[in-house]
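Here's the structure we're looking at; comments come further down.
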Amino acid sequence: MLLWTQTSRHCKKPPSALSFLIYITLLFTTAFSNSVLAINSPAAFVSKKSPVNIMAAKTNNNTNDSSALRELKDTIKSQAAEIDRLKNELTKNGIVAVKKKVVVPSGGHAHGGAADNEDILDYKEKSSFAIAYERVPWLAVFLFSLSFTALIMNGFEHTLSKQIELAYFVPLMAGHGGNTGGQAVGTVLSALSAGIITRQDAWKVIGKEATSGLIMGVILGAMVGPISHYVMGISKHVATVVSVTFPLLSTIASFLGSSLPFVCVILGLDPAVIAAPAMTSFVDVTGLLCYFLIANQVFKAFGLEL
């Protein structure tokens, strides 16, 4: 615009409209060319695409990756420390043992006892002779105690000769006592090995098992007595003896089955090897004795002479 003013001052005639239009066109063309050159200049290209900027971008990316990796490693370390802390806490509470012993409850009449409460690796390395040598002494003791059943049978021979039906239920009583006590032994051994109960819970556990044995004996006695009388044709007084004996026998078996594992632990003995056969021996002797004593009282109540 300044150029146009100076030109008009030096010229005698004012510029025509065509000249003004040509001037405006040249002005815009020059301005546009300068802007294009500024954009495509080597300096601008270097400033945008220079290796320095590229390396700076890569450095920023590497820094971000390193930070994420460090955070991940720190998270893993903190989680591992938390897991170790929980393991130590559980071990102190007795729920997890470093060398946990396995208990396999016995089944049936429980004469076979339970599996050895030994470490699995040690058990796999033991020979059959070593296992037998370890168990035979206790089995001999319990076998000797079972001989008292023969003495009891001999002592009540007169009662059996008068009421031969009593002999029918002797195996039933022995089997039921072993089954009931075996359930209690297996339950208590499993709870002890898992750390769920300790020696301080002995009386609570024994009372609970004895009460449950009494309840089971009442239910089964109420079933077996009538069935033996009305279905099998057993006399009423013998069926009554069976019904009355079942609750007492179940209570004794549950009491012994739950108490003997604690006794073994207190004495430092292996409850898996001793508790089940000891329970069976004591239940057989005490159950048979109770059976004949109850029979004598029931027969007197029915007015029977023995």
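The values are calculated or read from the model by the stated rules, or taken from the named source; none is laboratory data. The model shown is predicted, which means the values in this text are computed figures rather than measured ones. A quick note on method: Cβ atoms are made from the backbone with ideal geometry, for glycine too, and the neighbour counts reach across all protein chains shown. All accessible areas refer to the heavy atoms of the entire protein, side chains included, with ligands and DNA or RNA removed. Shrake-Rupley method; radii C 1.70, N 1.55, O 1.52, S 1.80 Å.
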**OP:** Could you pull out the residue among SER281, SER243, SER250 that is polar (S, T, N, Q), touching a Ser or Thr at 6+ places or on another chain (Cβ under 9 Å) and without any contact (Cβ under 8 Å) to a residue 40 or more places away in the chain?
**Re:** SER243
Original post:
What number of residues within region 240-251 are surrounded by 24 or more Cβ atoms within 10 Å (Cβ to Cβ) and closer than 19 Å to ALA210 by Cα?
Top reply: 4
Original post:
Can you pull out the residues in region 260-306 that are polar (S, T, N, Q) and open to solvent by less than 70 Å² (accessible area, probe 1.4 Å)?
Top reply: THR280, SER281, THR286, ASN296
Subject >> Qualifying positions in region 191-212 - open to solvent by less than 30 Å² (accessible area, probe 1.4 Å) and in contact with a Gly (Cβ under 8 Å, 6 or more places away or on another chain) >> reply: GLY195
Subject >> Residue identified as surrounded by 19 or more Cβ atoms within 10 Å (Cβ to Cβ) and at pLDDT 90 or above among VAL188, VAL218 >> reply: VAL188
Original post:
Being open to solvent by less than 70 Å² (accessible area, probe 1.4 Å), of a type in the set (Ser, Thr, Tyr), out of contact with any strand residue (DSSP E or B) (no Cβ under 7 Å at 6 or more places or on another chain) and assigned to a helix (DSSP H, G or I), is that true of even one residue in region 226-239?
Top reply: yes
**OP:** Could you identify the single residue in PHE169, PHE144 that is hydrophobic (A, V, I, L, M, F, W, C) and either part of a loop (DSSP other than H, G, I, E, B) or open to solvent by 30 Å² or more (accessible area, probe 1.4 Å) (or both)?
**Re:** PHE144
Original post:
Got a sec? Which of ILE83, ILE164 is open to solvent by 40 Å² or more (accessible area, probe 1.4 Å), of a type outside the set (Phe, Trp, Tyr), within 30 Å of VAL298 (Cα to Cα) and at pLDDT 80 or above?
Top reply: ILE164
**OP:** Scan region 286-302 and give yes if some residue there is assigned to a helix (DSSP H, G or I), within 36 Å of the chain's Cα centre (by Cα), under 21 Å from GLY175 (Cβ atoms) and of a type outside the set (S, T, N, Q), otherwise no.
**Re:** yes
